[in-house]
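Visitor: Pasting a structure here, questions to come.
The values are calculated or read from the model by the stated rules, or taken from the named source; none is laboratory data. Computed from a predicted structure; not experimentally measured. We place every Cβ from the backbone using ideal geometry, glycine too, and count neighbours over all the protein chains shown.
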Amino acid sequence: MSDAKAAARRMALAARKAAHAGAGPEDARVLERVLADHAGSVLAGYLPIRTEIDPRRAMAAHSAAGPVGVPVIEGPRRPLSFRRWTPDAVLTDGPFGVQIPTEGEMIVPAVLIVPLLAFDRGGGRLGYGGGFYDRTLAQLRRAGPVLAIGYAFAAQEVDQVPLDDTDERLDLIVTDTGVIRRATG
């Protein structure tokens, strides 16, 4: 891990922790509106850990119109797979304290909600450093179109995320306060 990324992660964790302290269920309203434009699409979200912003309200709303999955970690340096999730799914602990449904078919998302530590307006995303989402997005994009939506508190925005060649950019970012379209060029 580069020193720049390590320092950025420390700062991003502190900013997210402070934003999380004031979090509430209404934070998901913007994400719900964005996902309404993709009703019926196969969606993958995530079950929040630590101080991640919580997408479950928006995922539950989407599940009335289309399938929703959550990530399953298959092993180190491997892309994620996604198991179908419903709001009443029975969950069990998976790697890194991430919960996963105990049963359900595997799905391939067309829309992917991506957790993060920090983001920039160019679609740069800073994660925990395992590369799971980067490998997953690369694999999904090779197979066909997928919309990668970074989901975060607005306070997690930085001027520029330090990126490596293997880092995949987000298509848009949804925060508790609005939508940021990826700046290109």
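Visitor: Name the single residue that is farthest from the chain's Cα centre (by Cα) among those in region 114-138 being within 20 Å of Ile180 (Cα to Cα), of a type in the set (Gly, Ala, Ser) and in a loop (DSSP other than H, G, I, E, B).
Guide: Gly122
Visitor: Determine the pairs where a residue that is without any contact (Cβ under 8 Å) to a residue 24 or more places away in the chain, located within region 20-33, has a partner that is among the aliphatic types (A, V, I, L, M) and surrounded by fewer than 17 Cβ atoms within 10 Å (Cβ to Cβ) with Cβ atoms under 9 Å apart, the partner being 6 or more residues away or on another chain.
Guide: Listed pairs, sorted by first residue: Arg33/Val179.
Visitor: Quickly run through region 70-94 and pick out the residues that are surrounded by 13 or more Cβ atoms within 10 Å (Cβ to Cβ), in contact (Cβ under 8 Å) with a residue 40 or more places away in the chain and out of contact with any Pro (no Cβ under 8 Å at 6 or more places or on another chain).
Guide: Listed by number, the residues that qualify are Pro71, Arg78, Pro79.
Visitor: Pairs, please: C-beta under 9 Å, at least 6 apart or cross-chain, first residue over 15 Å from Arg10 (Cβ atoms) and at pLDDT 95 or above and in region 114-126, second assigned to a strand (DSSP E or B) and polar (S, T, N, Q)?
Guide: Phe119/Thr175
Visitor: All but one of (1) assigned to a loop (DSSP other than H, G, I, E, B); (2) surrounded by 15 or more Cβ atoms within 10 Å (Cβ to Cβ); (3) not hydroxyl-bearing (Ser, Thr, Tyr) hold for Asp165; which doesn't?
Guide: Status for Asp165: all satisfied but (2).
Visitor: With under 17 Å from the mean Cα position of the chain (by Cα) and either more than 25 Å from Ala60 (Cα to Cα) or at pLDDT 95 or above (or both) as the only criterion, which of Val161, Val90, Val98 stands out?
Guide: Val161
Visitor: For residues that are surrounded by 13 or more Cβ atoms within 10 Å (Cβ to Cβ) and either in a loop (DSSP other than H, G, I, E, B) or touching an Asp or Glu at 6+ places or on another chain (Cβ under 8 Å) (or both), scanning just region 101-113, find the one that is modelled with the lowest pLDDT.
Guide: Per the stated criteria, the residue is Gly104.
Visitor: Mind listing whichever residues of region 1-36 are touching a Pro at 6+ places or on another chain (Cβ under 7 Å), modelled with pLDDT of 90 or more and not basic (Lys, Arg)?
Guide: Ala8, Ala28, Leu31
Visitor: Also, quick follow-up: Going by the structure shown, is Arg50 farther than 20 Å from Ile149 by Cα and either among the basic types (Lys, Arg) or touching a Cys at 6+ places or on another chain (Cβ under 8 Å) (or both)?
Guide: Spelling it out, it is not the case that Arg50 is farther than 20 Å from Ile149 by Cα and either among the basic types (Lys, Arg) or touching a Cys at 6+ places or on another chain (Cβ under 8 Å) (or both).
Visitor: Go through the residues of region 150-160 one by one and say whether even a single one is exposed (fewer than 15 other Cβ atoms within 10 Å of the Cβ), without any contact (Cβ under 8 Å) to a residue 60 or more places away in the chain and at positive phi.
Guide: The answer is no, given that none of the residues of region 150-160 is exposed (fewer than 15 other Cβ atoms within 10 Å of the Cβ), without any contact (Cβ under 8 Å) to a residue 60 or more places away in the chain and at positive phi.
Residue-wise test of (1) out of contact with any Lys or Arg (no Cβ under 8 Å at 6 or more places or on another chain); (2) of a type outside the set (D, E, K, R).
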site	(1), (2)
Ile113	yes, yes
Asp120	yes, no
Gly131	no, yes
Thr136	yes, yes
Gly144	yes, yes
Gln156	no, yes
Asp165	yes, no
Glu168	no, no
